[in-house]
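The values are calculated or read from the model by the stated rules, or taken from the named source; none is laboratory data. Worth saying up front: this structure is predicted, and the values here are computed from it rather than measured. Here the Cβ is made from the backbone with ideal geometry for all residues, glycine too, and neighbour counts use every protein chain on show.
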Amino acid sequence: MSNNIVLECRQLSKQYQDGKQVIDVFQSIDLALNKGEACAIVGASGSGKTTLLNLLAGLDLATTGDVKLANISWSSMKDSKRAKMRNKEMGFVYQFHHLLAEFSALENVLMPMWIAGLNTKEANQRAKELLGQVGLKDRLHHKPSQLSGGERQRVAIARALANRPACVLMDEPTGNLDETTSMEIQRLINELKASYGMAFLVVTHDEKMLGWMDSAYRLSKGTLQPLK
Ligand SMILES: Nc1ncnc2c1ncn2[C@@H]1O[C@H](COP(=O)(O)OP(=O)(O)OP(=O)(O)O)[C@@H](O)[C@H]1O
Ligand SMILES: [Mg+2]
């Protein structure tokens, strides 16, 4: 395996057993994400995009196959190591943002850095900088319920980037954003790719976003087909 691979899956398949019904979501998926690569995944609703991201994140178990983060299989890690690796090396932007309701935008972005033990001064500085970069410098102390849908999504993006993870998984990150804001996210992603070699795997329907991604795949009929 090349040293440049940040996240990789081999022969990944997933079935859901729903009572007597078995749903075959996908079979034998191979995918490798390199350092500094931005890769898009497209596919119809129900094709398995979120399922794939959850498996890659080690949040759900595959039926067959293996996922490696930084060349280590999720399945070989103890729970404590898995949680630590996930917090430090991965960032997530979920399809439904999952911000902590009781905490402000700033605190939501600080959370992964607190968990990782980053010193308070640096964490505060980084959280404010990231919220500024996603256009929310005047919303630091708003709770999620006081933010618009697109603003919440941008807090979730800032939070995912906080620990400068090796790889960021994003599920429709620009779904609620207008063109100007999407462009700001594009600029931020490109900057982080260049500065830290961060890799991005992004589920998107946004044609513009597809255009500037390094690679793209379509998930269809249970297989992953390269688009570029
Ligand atoms: N926990 C579950 N139990 C049973 N079936 C499930 C479960 N989660 C998802 N599925 C099914 O697996 C398939 C893939 O779902 P998934 O959420 O991955 O699709 P998706 O590509 O993300 O769709 P969307 O674009 O609508 O978000 C769907 O048919 C869905 O109904
Ligand atoms: Mg989905």
statement: Within region 90-102, restricting to residues that are surrounded by 18 or more Cβ atoms within 10 Å (Cβ to Cβ) and not hydrophobic (A, V, I, L, M, F, W, C), the one that is nearest to Asn54 (Cα to Cα) is Tyr94
- request: Would you tally the residues in region 56-78 being at pLDDT 95 or above, within 16 Å of ligand 2 (Cβ to nearest atom) and touching a helix residue (DSSP H, G or I) at 6+ places or on another chain (Cβ under 6 Å)?
  value: 0
- prompt: Which one of the conditions (1) under 30 Å from Gln15 (Cβ atoms); (2) within 16 Å of ligand 2 (Cβ to nearest atom); (3) not basic (Lys, Arg); (4) not in a strand (DSSP E or B) does Leu169 fail to meet, given that it meets all the rest?
  reply: (4)
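This table checks each residue for (1) crowded, with 20+ Cβ neighbours inside 10 Å; (2) over 18 Å from Asp171 (Cα atoms); (3) of a type in the set (A, V, I, L, M, F, W, C).
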site	(1), (2), (3)
Ser28	no, yes, no
Asn34	no, yes, no
Ala40	yes, no, yes
Ser45	no, no, no
Lys49	yes, no, no
Leu56	yes, no, yes
Ala62	yes, yes, yes
Leu69	yes, yes, yes
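To keep it simple, each residue is scored yes or no on (1) more than 16 Å from Leu227 (Cα to Cα); (2) among the polar types (S, T, N, Q); (3) within 16 Å of ligand 2 (Cβ to nearest atom); (4) in a helix (DSSP H, G or I).
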residue	(1), (2), (3), (4)
Leu12	yes, no, no, no
Val22	yes, no, no, no
Val25	yes, no, yes, no
Ile29	no, no, yes, no
Leu33	no, no, no, no
Gly46	yes, no, yes, no
Thr51	yes, yes, yes, yes
Asn54	yes, yes, yes, yes
message: With the requirement that a residue be hydroxyl-bearing (Ser, Thr, Tyr) and either closer than 17 Å to Val93 by Cβ or surrounded by fewer than 17 Cβ atoms within 10 Å (Cβ to Cβ) (or both), what does region 103-153 give you?
response: Thr120, Ser145, Ser148
query: What's the number of the condition Gly48 fails, among (1) on the phi < 0 side of the Ramachandran plot; (2) within 16 Å of ligand 1 (Cβ to nearest atom)?
result: (1)
Residue list for region 4-45, restricted to those being without any contact (Cβ under 8 Å) to a residue 60 or more places away in the chain and away from ligand 1 (no atom under 16 Å from the Cβ): Asn4, Arg10, Gln11, Ala32
task: Quick one: count up the residues across region 97-147 that are touching a residue at least 24 places away in the same chain (Cβ under 8 Å) and in a loop (DSSP other than H, G, I, E, B).
output: 18
- prompt: Which ones in region 158-179 are touching a Gly at 6+ places or on another chain (Cβ under 9 Å), modelled with pLDDT under 95 and either farther than 23 Å from Phe96 by Cβ or away from ligand 1 (no atom under 16 Å from the Cβ) (or both)?
  reply: Leu177, Asp178
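Answer with yes or no whether Asp24 is surrounded by fewer than 16 Cβ atoms within 10 Å (Cβ to Cβ) and touching a Lys or Arg at 6+ places or on another chain (Cβ under 7 Å). It would help to see each step written out before you state the result.
Working: surrounded by fewer than 16 Cβ atoms within 10 Å (Cβ to Cβ): yes; touching a Lys or Arg at 6+ places or on another chain (Cβ under 7 Å): no.
For Asp24, the condition - surrounded by fewer than 16 Cβ atoms within 10 Å (Cβ to Cβ) and touching a Lys or Arg at 6+ places or on another chain (Cβ under 7 Å) - is not met.
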- prompt: Among Ala156, Ala166, which is in contact with a Phe, Trp or Tyr (Cβ under 9 Å, 6 or more places away or on another chain), buried (at least 19 other Cβ atoms within 10 Å of the Cβ), in contact (Cβ under 8 Å) with a residue 24 or more places away in the chain and over 27 Å from Ser45 (Cβ atoms)?
  reply: Ala166
